[in-house]
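Here the structure comes first, spelled out in structure tokens, and everything after it is commentary.
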Amino acid sequence: MRRPLFWCLVAILAAHLALACTKVPILGRRQLNVIPDAIMLPIGASAYQSTLAGLKLAERGEQHQTVQQVGERIAHAVSGQDFDWEFALVRDAETVNAWALPGGKVAVYTGILPICSNEAGLAFIMAHEIGHVVARHGSERLSQQLAVLGGLAGLYLYLDNKTELSQEQQAIILASVGVGAEVGLVLPFSRKHEREADVIGMMYMSSAGYPPQQAIDIWERMEQGGSGSALPAFLSTHPSHDDRAENLRDWLPNAKRRYERNKLDRDTTSTLWD
């Protein structure tokens with residue numbers, strides 16, 4: 001490739017990457033997102049419908065209504081985001097989980113309700129998932145994966161054209177670099193995303209009028225319930241429950257100030273689910 005053309009392509013790529021840099025809400029971290037909402041939102045909506053089609057949903061009753069009300073209250077506290085929010089309650093008492101997809105599609109499993117214990121606990125779980133959506137963690141992760149794949153492809157071309165290594169030796173090097181990228185880049189970012197969603201979620205729940213201490217209580221109950229990962233911390237996509245609780249304690253004073261300005265005139269911490 002001619003040098004002028006090469007440097008022209010580099011300049012175009014650099015300009016595109018600069019324009020793709022955005023900031024994570026509340027925390028202000030700069031992130032690289034090269035996948036636009038015009039692509040991610042339809043993917044999220046389609047995946048949401050196809051996933052729910054294979055699950056048993058609670059479409060009426062007190063639990064369903066509580067999930068809808070809490071979700072709408074949290075979504076209302078999110079400013080500057082034009083998402084088509086949807087909230088689903090999945091009837092699965094064995095699964096302690098909740099998840100969200102790009103565009104504001106959130107699902108909560110009945111198995112996590114005892115961990116939530118009350119409306120405020122549910123507010124944190126849903127606000128955490130909403131935090132992932134608003135921070136666009138899904139598109140950032142995809143951007144990271146594309147960057148890793150692009151880097152590996154470039155390394156392969158270099159090894160194939162500029163070295164005398166055999167195909168087997170090249171494969172060993174590429175595999176080693178791929179593992180290093182996964183452990184050194186992708187997994188740490190996943191843990192960072194979880195911590196960010198915790199903080200964003202605690203702030204959103206506080207803005208919606210729910211006491212932020214419940215966010216810390218959630219992870220303490222998770223720890224007591226023994227639902228932590230058995231993987232070493234450096235290979236886990238999620239931080240430990242203790243680590244998450246400690247991280248939230250640092251942000252608690254700020255969250256409390258938000259809560260005091262917006263707290264509801266009713267008790268949201270009385271036990272609903274045992």
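Data for the structure
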quantity	calculated
11 Å beta-carbon shell around Gly209, net charge (K/R +1, D/E -1)	+2
Residues whose placed amide H lies under 5 Å from that of Ala88, excluding near-sequence neighbours	Val106, Ala107, Val108
Those GluC sites (Glu not before Pro) in segment 74-121 that DSSP places in a loop and that have at most 10 other beta carbons within 10 Å	Glu94
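Every number here is computed from the coordinates shown, using simple stated rules; none is lab data. The shown structure was predicted, so the numbers you read here are calculated from the model rather than taken from an experiment. We place every Cβ from the backbone using ideal geometry, glycine too, and count neighbours over all the protein chains shown.
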